[in-house]
Amino acid sequence: MSWTERLTELGVELPGVAAPVAAYVPAVRSGNLVFTSGQLPFVSGSLAATGKVGGEVSPEEAKAHARTCALNALAAVHALVGVDSIVRVVKVVGFVASAEGFTGQPAVVNGASDLFGEVFGEAGQHARSAVGVAELPLGAPVEVELTVEIA
C-alpha cells in the first residue's frame with residue numbers, strides 16, 4: 001500500500017502548501033533527505049489559533065494544532081518530492097509557545113508524532129525534540145519541522 005493510499009484509508013487529506021511568511025521555502029531536498037521549514041497550524045490560509053499553551057490555549061488544543069502543523073509539513077514534502085517517496089520519518093522538532101510554568105511540551109508535540117505513527121507505522125518512528133519557547137511567529141501556539149528520508 002502506498003502512503004497516499006494509507007492517507008486515504010485514514011481519511012486524511014493533505015492541505016495545500018502553506019505560503020511562507022518570510023524569506024524561505026517550505027521544503028528543501030539534500031541528497032535523500034527532505035527538510036521542511038517550521039510549519040504553523042495554518043488551515044485554509046489562516047492561523048488556526050494564537051496564544052500560549054498553558055494559558056490561552058489548552059494542552060489538548062495545542063496537541064491538535066501540532067497535528068495540523070504535521071499535516072502542513074507533509075504537504076510541503078509532497079509538493080517537493082511526493083509523499084510516496086518517503087522511506088521514513090527521521091526527525092521531528094516541535095516548538096511550543098509556553099505560558100510561564102508550562103512543562104507539557106512533549107505531550108503537545110505528540111500531536112505530530114502520533115500522526116506520523118498512524119500514517120507510516122514503524123517507518124514513522126523518529127528522533128524528536130519538544131522545546132518550550134517564549135514566542136512563535138504570528139503568535140502561533142506551536143510550530144513543527146520535519147526531516148524525512150526519501151527513496
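Quick note: the coordinates plus some simple rules give every number you see, no bench work behind them. Everything quoted here is computed from the prediction, not taken from an experiment. All Cβ positions, glycine included, derive from the backbone under ideal geometry; neighbour counts span all protein chains shown.
All but one of (1) under 18 Å from LEU7 (Cα atoms); (2) outside any strand (DSSP E or B); (3) hydrophobic (A, V, I, L, M, F, W, C) hold for LEU146, so report the exception by its number.
Here LEU146 clears every test but (2).
Would you please list the contacts, defined by Cβ atoms under 6 Å and residues six or more apart or on different chains, that run from a residue in region 119-137 that is within 21 Å of LYS52 (Cα to Cα) to a residue that is hydroxyl-bearing (Ser, Thr, Tyr) and not in a helix (DSSP H, G or I)?
Here the result reads GLY132/SER98, each pair linking region 119-137 to a residue that is hydroxyl-bearing (Ser, Thr, Tyr) and not in a helix (DSSP H, G or I).
VAL83: touching a residue at least 24 places away in the same chain (Cβ under 8 Å), of a type in the set (A, V, I, L, M), closer than 24 Å to GLU5 by Cβ and surrounded by 14 or more Cβ atoms within 10 Å (Cβ to Cβ), yes or no?
Yes, satisfied.
What number of residues within region 93-128 are more than 13 Å from VAL142 (Cβ to Cβ) and among the polar types (S, T, N, Q)?
2
Considering each of ALA66, ALA48 in turn, give the residue that is surrounded by 14 or more Cβ atoms within 10 Å (Cβ to Cβ), without any contact (Cβ under 8 Å) to a residue 24 or more places away in the chain and either within 15 Å of GLY124 (Cβ to Cβ) or not polar (S, T, N, Q) (or both).
Going through ALA66, ALA48 in turn, just one is surrounded by 14 or more Cβ atoms within 10 Å (Cβ to Cβ), without any contact (Cβ under 8 Å) to a residue 24 or more places away in the chain and either within 15 Å of GLY124 (Cβ to Cβ) or not polar (S, T, N, Q) (or both): ALA48.
Checking the conditions here, which among VAL57, VAL119 is closer than 21 Å to GLU5 by Cα and not polar (S, T, N, Q)?
Testing whether each residue is closer than 21 Å to GLU5 by Cα and not polar (S, T, N, Q) leaves just VAL119.
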